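Remarks on the structure that follows.
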Amino acid sequence: MTQARYRDLVEWPLMATALVFLTAYAWQVIGRISGDEALPFEIVLWITWGIFALDYFVNLWLAEDRTRWFFWNLHELLIVVLPFFRPLRLLRLVTLLSVLQRTVGETLRGRVATYVAGAAAMLILIGALAVLDVEQNAPDAKITTFGDAAWWAVTTITTVGYGDLYPVTPIGRIVAAALMMSGIAVLGIVTASIASWLVQRIEENAEDVAAAAEVKAAKAEEPVRAEMADLVTEIAALRMEIAELRQATETRQATQIKQEREA
């Protein structure tokens, strides 16, 4: 069993686990479930954490260079230790983004558009749930419903920031800062995608113009080539006539010389 083979096998199960986690977490946060009623949801969250932890250690064990893999995948370790930071548990959902990135279209523009749309929707949902989790019971909180949290997440990730809703807790502000940076990254990807599309269209138009010019030049050369072929044929015929005349002249001269000698 190689690490690549293992990742291919567990990719979709991990995605399903992330969706189960998202459903349990969202239900608990939006429904404001606490106490004994929250126990089933907490059990589901801890089970999903155990699955992610097991996946991390299996990947570490199967890695060819475990030290290098450990340092290059510190975010995976972060996902494992996040149960101690309840709102940040949602970072486990990066599994959904990685699966989305592998399953979208093959073309660059299709891949970028699909990935950006999926990433933006996922970040908005994650940001809304995380900020609602820490803000809804805080004193003087401005964000107390999921509708408010979703509106705040949309205005924040698009870098609009009306200021009508804002987090008042330290963790809520950390979530806000992360969402702002994510919004800048998403807008950058969108801009790069549009620029790539424009460049591609310009190149396609340039290729079409060049092909049309070649066809036009080829059509213009056809009469010239026909005339050249006729001239070549006429020159060949003239050469044959000249050769025949030269041969006849030489034959006549030879006959006259012979006759003179006989006389």
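The values are calculated or read from the model by the stated rules, or taken from the named source; none is laboratory data. These figures come from a predicted structure and were not determined experimentally. Here the Cβ positions follow ideal geometry from the backbone for every residue, glycine too, while neighbour counts run over all protein chains shown. Only protein heavy atoms, including side chains, enter the accessible area calculation; ligands, DNA and RNA are left aside. Shrake-Rupley method; radii C 1.70, N 1.55, O 1.52, S 1.80 Å.
3J(HN,Hα) along segment 71-78, derived from phi through the Karplus expression 6.51 cos²θ - 1.76 cosθ + 1.60 where θ = phi - 60°, amounts to 6, 7, 10, 5, 5, 5, 5, 4 Hz, with x in place of Gly and Pro.
On average, how much accessible surface per residue is there in segment 108-220, in Å², for a 1.4 Å probe, leaving out ligands, DNA and RNA?
57
With a Förster radius of 35 Å applied to the beta-carbon distance between Thr158 and Val80, the computed FRET efficiency rounds to 0.65. Placing +1 on the Cβ of every Lys and Arg and -1 on the Cβ of every Asp and Glu, with nothing else charged, gives segment 108-220 a dipole about its Cα centre of roughly 240 debye. Full extension of the chain between Thr191 and Gln3 yields a length gain of 64.2 nm, computed as 0.36 nm times the residue separation minus the alpha carbon distance. Subtracting the Cα-Cα distance of Arg66 and Ala210 from 0.36 nm times their residue separation leaves 46.5 nm of extension gain.
Using a probe radius of 1.4 angstrom, the carbon and sulfur fraction of the accessible surface of segment 108-220 is 68%.
Counting only Cα atoms, the size of segment 141-210 along its three principal axes is 63, 20, 16 Å, in decreasing order.
In this simple spin-label model, placing a label point 7 Å from the Cα along the Cα-to-Cβ direction at both Leu198 and Ile30 gives a separation of 3.9 nm.
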